Each structure stands twice: as C-alpha cells, then as structure tokens.
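A.B. asks: First, the structure itself, so that you have it in front of you.
The values are calculated or read from the model by the stated rules, or taken from the named source; none is laboratory data. Bear in mind the structure is a predicted one, so any value in this text is a computation, not a measurement. Cβ coordinates were reconstructed from backbone atoms using ideal geometry, including for glycine residues, and neighbour counts include every protein chain displayed.
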Amino acid sequence: MSQKYTEGFKIQAVEKALNRATETSLTDMAETLGISRSALSRWITQSKNDQLETTKDNDPQNAIMKENEKRPQDWTAESRFQFITESNGLNEKEISELCRAQGLFPHHIKEWKQQFISGTAQPADTRKQVTIKTLRNEIKELNKDLNRKNKALAETAALLVLQKKVNEIWGSSEVNSQ
C-alpha cells in the first residue's frame, strides 16, 4: 500500500530528523514519525539536493494536497479541538496516519491537548490581534519620536542658517569679540 505524504509533512519530518538529539538514531526518528527509515532517508537526500519541494509538482493530486495544507500554528482553536476529538481513542498507528493526512505530527496533538488542559489554548486570531495592537502602539510611539527629532533637527538647521546670516551682516566672530 503506497502512502501519500504532504510536502509539509515531509519537510517537517526532515527538519525533525536533522535536528534530532545525537543519541537518537534515524531509525528511531522514523519510527516515532510513523514512517519507514528508507522514506526518511530519501526525503533527507531530496532536501539536500533541493528536490523536496518540487517532488511530484505535476501530479494533480499533489496540487490538491498542497492547497489543503496548513501549518500547525495556523489551526484555529476550534479545528484543533475537533482534530483532538477525532483522534481520541485511536492507536498510535491510526493517529500517525491521520496526522500525515493533515501534514501534522502526533506531538502536535499532544501539545494541543496540554494547552487545552492548562487553559493556555488561545486562538491564532486572538494572538495575531494582540500582536497587531502591540505593533501599532509601537509604530505610533516611534512616529512620535521621529516627529520630535525632525522638529529638533529643523530648529537646529534654522539656527545654523541664522548664525551664518548674522556672521555675514555683522562680520565674523572677531568683530563681535571687540
């Protein structure tokens, strides 16, 4: 049975494999991800040759899969909760298959469960709104500071121009000192 993996899943798997602890073998990592070691090795090779993102681009099924992919951080709280409930009661293999179909890893489900249990699950939209509000306030403060500095610079430039005119009219500073 041939499994189709999303490009996002492949990329994340390669990143996890390359960033794994030194005591973790590639076989252990592949087993954790629910894939074969040969597939993981092939994806790593493709990644090193910059072939991973372009694999099977002409395949219409792959184009549909790419269109439906979204990053784990882009999932709303509702869709996360729904996915957690869908995966509830499944064994590890079934959870891995379900995650693969969505371009996720099983550890994402565990993290999301922990967030819901601890009450830290916050919708991505709310986080974005907080970030946007913070950035707008920061921009407003920076613009105020910039305007203040521009006014000071303009005042200094005006004083220098006036000083030059005074020197032209009354002569240089030697005349003023006598």
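A.B. asks: Is one or more of the residues making up the stretch 169-177 modelled with pLDDT under 90, outside any helix (DSSP H, G or I) and within 21 Å of Gly34 (Cα to Cα)?
C.D. replies: Taking every residue of the stretch 169-177 in turn, none turns out to be modelled with pLDDT under 90, outside any helix (DSSP H, G or I) and within 21 Å of Gly34 (Cα to Cα).
A.B. asks: What are the residue pairs meeting all of these: first residue in the stretch 16-34, first residue assigned by TED's automatic domain parsing to the domain that holds Ser47 and farther than 18 Å from Gln102 by Cα, second residue acidic (Asp, Glu) and surrounded by 12 or more Cβ atoms within 10 Å (Cβ to Cβ), Cβ atoms under 9 Å, and 6 or more apart or on different chains?
C.D. replies: Cβ pairs passing all conditions: Arg20/Asp28.
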